[in-house]
Amino acid sequence: MGKRKASDDTNPNHDFCEFLSELAEYEKNVTRDIHRYSAYRKAVSVLASHPTRITSGDEARKLKGIGEKIAKKIDEFLQTGKLRKLEAIHSDSTNAAINELTRVTGIGPAKAHSLVKEGITSIEELRKHTDKLTHHQIVGLRHFEDFEKKIPRQEIEQIESVINKELKAMDHDLKITICGSYRRGKAESGDIDTLITHPNFTSDKVDKKHKNNMLKNIVTALEKCGLVTETLSLGESKFMGACKLDLEHPTRRLDIRLIPYDQYYCCILYFTGSDMFNKEMRTHALEKGFTLNEYALRPVGVTGVPGEPVEIHSEEDIFDYMDFPYKKPEERG
Ligand code: DCP
Ligand code: MN
Ligand code: MG
């Protein structure tokens, strides 16, 4: 999971996206108001894909997903070059501390609040108090600088080929897809979101022990070849950890999920994102009488109870069932 995102600076509304992203982070981490967080994120995603420079709040207001309050902030920013709300947020040291601490993977808003209450207000301070941290958080802190660096596309390609080689040596039918921002074609990513499946591994015949060992064995093989260097957590279907291509490259966040074959495409769709696109897709599914999640697409009957999952053999199938024009990963901003 990449913790911060705004837009790239080639976008004509980049400065608006920046301050709205900052407000979104504030609502997520400090006030913990998930609705306001979503409203700001939605506005960022709309502005980030708007082709021309917005010159007034009124003009912004016409875009889907931008309401009165955000339009006013755009006007204030255009007129004064700043935002009073953001200035106030910046001048409060508790906010700054919470924002800093939540940059560590594994430290969420609640943990950050409790650390600040105990007087720990910076990364530097935190390094002296690792006794208060979980293993995940300690590793996050250890690689704090590396984990904030973006991963160039070409490096992910190299990592993908190492994983591929190890998987093929284990079992030729193992299939891997790297999703997230990488699959959406971005030049750089915050982390590496990897999905793995096998045709013999389906949700109706999940042999738990077999499944459990499958992911463990994969992680062990990736450790042995030197790629995987840290484990944050390892469950039967989800690995969170870190990898390093070689001495010259930073340590990178790597997630691997083992997915039943029949759920693979819903999962690929979900983990390709973006999160805003997923929201849009789920809303559209509901309008068409389906529920969509990371596992399955299911029709909702008149009783409101979801039926059996629809059989899916590709991402296109999901769009087709929902009567939604297909969007290539690069178009799912
Ligand atoms: N996702 C989602 N809702 C969330 C978190 C994630 O729908 N709250 C989905 C969509 C994301 C995907 O999972 O694209 C991967 O999550 P990441 O946090 O890794 O996001 P990205 O890969 O898109 O961006 P980054 O380059 O920052 O990793
Ligand atoms: Mn991720
Ligand atoms: Mg990602």
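What follows draws every value from the coordinates through simple rules; no lab data is involved. Note that the coordinates shown come from a computational prediction; the quantities given were computed from them, not determined experimentally. Note that each Cβ is placed from the backbone with ideal geometry, even for glycine, and that neighbours are counted across all protein chains shown.
Quick check on my filter: what residues within the range 36-70 are over 23 Å from Asp275 (Cα atoms) and either in a loop (DSSP other than H, G, I, E, B) or under 27 Å from the mean Cα position of the chain (by Cα) (or both)? If you could, list the steps in order and put the result at the bottom.
Going residue by residue through the range 36-70, those that are over 23 Å from Asp275 (Cα atoms) are 52-59, 68.
Thr52, Arg53, Ile54, Thr55, Ser56 - these are the residues of the range 36-70 that are over 23 Å from Asp275 (Cα atoms) and either in a loop (DSSP other than H, G, I, E, B) or under 27 Å from the mean Cα position of the chain (by Cα) (or both).
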Can you name every one of the strands (runs of 3 or more DSSP E) wholly within the range 188-281 that holds 2 or more residues which are within 16 Å of ligand 3 (Cβ to nearest atom)? 192-197, 238-243, 252-258
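Name the residue that is farthest from Lys175 (Cα to Cα), counting only residues in the range 257-291 that are among the hydroxyl-bearing types (Ser, Thr, Tyr) and within 15 Å of ligand 2 (Cβ to nearest atom). Walk me through how you get there before you give the answer.
Filtering the range 257-291 for residues among the hydroxyl-bearing types (Ser, Thr, Tyr) gives 261, 264-265, 270, 272, 274, 283, 291.
Applying the additional criterion that residues be within 15 Å of ligand 2 (Cβ to nearest atom) yields 270, 272, 274.
Numbers: Tyr270: 17, Thr272: 16, Ser274: 22 Å.
Top of the filtered list is Ser274.
Which one of Glu148, Glu188, Glu166 is out of contact with any strand residue (DSSP E or B) (no Cβ under 8 Å at 6 or more places or on another chain), more than 15 Å from Ile256 (Cα to Cα) and not hydroxyl-bearing (Ser, Thr, Tyr)?
On the way: Glu188 fails: out of contact with any strand residue (DSSP E or B) (no Cβ under 8 Å at 6 or more places or on another chain); Glu166 fails: more than 15 Å from Ile256 (Cα to Cα).
Among Glu148, Glu188, Glu166, only Glu148 is out of contact with any strand residue (DSSP E or B) (no Cβ under 8 Å at 6 or more places or on another chain), more than 15 Å from Ile256 (Cα to Cα) and not hydroxyl-bearing (Ser, Thr, Tyr).
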Can you confirm whether the range 71-93 contains a residue that is buried (at least 18 other Cβ atoms within 10 Å of the Cβ) and either within 16 Å of ligand 1 (Cβ to nearest atom) or without any contact (Cβ under 8 Å) to a residue 40 or more places away in the chain (or both)? yes
Please go through the range 131-149 and give me each residue that is outside any helix (DSSP H, G or I), within 21 Å of the chain's Cα centre (by Cα) and either acidic (Asp, Glu) or surrounded by 15 or more Cβ atoms within 10 Å (Cβ to Cβ) (or both), ordered by number. His143
Considering the range 150-194, residues that are of a type in the set (S, T, N, Q) and within 16 Å of ligand 2 (Cβ to nearest atom), and then whichever is farthest from the chain's Cα centre (by Cα), we arrive at Thr177
